[in-house]
Amino acid sequence: MNDKSKWFYSDLKIDTKAVVVLAHGLNLLPSKMDEIAKFLALKKCDVLRISISENPDKWLMDFGDSYDAALEHSEILQRPLYFVGYSLGGLLGVHYIIKHPYQQFTKTVLIAPPTHTKAYILLPALLALIFPNGSLPSLNLENYRARGRTKFKEYKKLLHIQKEIRSDLKKNELNISTLVVINRHDELVASKRVALFAAFNPLWKTLTLTNQESDLPRKYHHLMIDSASLGDQEWNKLLKNLATHLDL
């Protein structure tokens, strides 16, 4: 079962710099985003680390509800609202921004965003048409995943959201200052295509990381969310770029 959404507050309430919505990836334990949340809280941000339902029909509603809660908090504090999303979480954030032209995010960070994915990701999405209750074993490491299997219909929904984004953005017209984090060896994301997509917009910049120094028992290149998955040097590089991009 997924962890519940959780707030991480800056210790210095009077000096809070921003409010951040932090979103996790597909079939990932939301609490695995806590290391990023704690870093942002130390940098004087109030962070809403959200929890996305395992039911894909609720993904967009979950995100919208979390956005509303974070927006209300940011308006009370009169502080800017930022978004940091990993994998599916990043995709949901981009979709929300496109579909809600009056949303208030002023800066975003997308870590391994699946706006463009490897061709074989289409297979489980197609299988959802034949086996609506079918699933595949999760490729993620056991202590990172929320469940042992990922449903075909989750892949189907992911590609549907991806298609809507790319249909609405004929060119990359998402005019929000955005940092895109990629790994060239990503098993899910077509990183070269994501980098090309980012290059269409002068407000977007790309950071390339590697997890070759990770001490985890198996390298999963799509995983770039904590010191264990990246290794200390690349993790510190990510945090430095996060702080710079978000003016923290």
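Read-outs throughout are calculated quantities, based only on the coordinates presented, and are distinct from any laboratory measurement. A quick note: this is a predicted structure, and the numbers were derived from the prediction, not measured. FYI the Cβ positions are ideal-geometry reconstructions off the backbone, even for glycines, and counts take in every protein chain you see.
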Item checked: Nearest-20 debye value, the stretch 1-138 charge dipole, Cβ charges on Lys, Arg, Asp, Glu -> 360 debye
Margin query: Could you tell me the relative contact order of the chain? Use alpha-carbon pairs under 8 Å, at least six residues apart, and round to a whole percent.
Written below: 18 percent
Item checked: In nm, spacing of pseudo-spin labels at GLU213 and ASP11 (7 Å Cα→C-beta vector) -> 2.6 nm
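Could you tell me which GluC sites (Glu not before Pro) in the stretch 124-199 are loop residues by DSSP with no more than 12 other beta carbons within 10 angstrom of their beta carbon?
Here the GluC sites (Glu not before Pro) that fit, given the DSSP loop and packing criteria, are GLU142, GLU173.
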Check: What full-extension length gain, to one decimal in nm, is calculated for ILE98 and LEU71 as 0.36 nm per residue of separation minus the Cα-Cα distance?
Finding: 8.0 nm
Check: Once phi is turned into θ = phi - 60°, what whole-Hz ³J(HN,Hα) does the Karplus curve with 6.51, -1.76 and 1.60 give for every residue of the stretch 58-73, x standing for Gly and Pro?
Finding: 9, 4, 5, 5, 4, 5, x, 5, 5, 4, 4, 5, 5, 5, 4, 5
Check: Charges only on Cβ, +1 for Lys and Arg, -1 for Asp and Glu: so what's the dipole of the chain about the Cα centre, in debye to the nearest 20?
Finding: 640 debye
Item checked: Largest-first principal axis extents, alpha carbons of the stretch 116-248, Å -> 47, 41, 23
Check: With contacts defined as alpha carbon pairs under 8 Å and 6 or more residues apart, what's the relative contact order of the stretch 152-248 in percent?
Finding: 22 percent
Notebook entry, point to check: Looking at the stretch 84-137, which chymotrypsin sites (Phe, Trp or Tyr not before Pro) are in a loop (DSSP not H, G, I, E or B) and have at most 14 other Cβ atoms within 10 Å?
Noted result: TYR102
Next item on the list: Only one of the values [x] -0.76, -1.39; [y] -0.99, -1.30; [z] -0.88, -1.31 was calculated from this structure for log10 I(q)/I(0) by the Debye sum over Cα atoms at q = 0.13, 0.17 Å⁻¹; name its label.
Entry: [x]
Margin query: Quick query: amide H of VAL180 versus all other amide H atoms, modeled in the peptide plane; which residues come in under 5 Å with a sequence gap of 5 or more or a different chain?
Written below: LEU110, LYS205, THR206, LEU207
Next item on the list: Would you work out which of VAL181, SER10, LEU242 lies farthest towards the positive end of the dipole of the chain, given +1 charges on the beta-carbon of Lys and Arg and -1 on that of Asp and Glu, about the Cα centre?
Entry: VAL181
Margin query: In whole Hz and in residue order, list the ³J(HN,Hα) couplings for the stretch 172-181 that follow from phi through the Karplus curve 6.51 cos²θ - 1.76 cosθ + 1.60, θ = phi - 60°; x for Gly and Pro.
Written below: 6, 9, 7, 7, 10, 4, 9, 9, 10, 10
Next item on the list: Calculate one ³J(HN,Hα) per residue across the stretch 239-246 by plugging θ = phi - 60° into the Karplus curve 6.51 cos²θ - 1.76 cosθ + 1.60, and present them in order as whole Hz with x for glycine and proline.
Entry: 4, 4, 5, 4, 4, 5, 5, 8
Check: Taking amide H positions as placed 1.01 Å from N in the peptide plane, with prolines and chain starts having none, which residues 5 or more places from LEU28, or on another chain, fall under 5 Å of its amide H?
Finding: ALA146
Notebook entry, point to check: Near LEU71, within a Cβ-to-Cβ distance under 13 Å, what is the net charge of the other residues, with Lys and Arg +1 and Asp and Glu -1?
Noted result: -4
Next item on the list: Hey, can you grab everything whose amide H is under 5 Å from the amide H of VAL20? Only 5+ residues off in sequence or another chain; H modelled, so Pro and N-termini drop out.
Entry: ASP46, VAL47, LEU48, TYR82
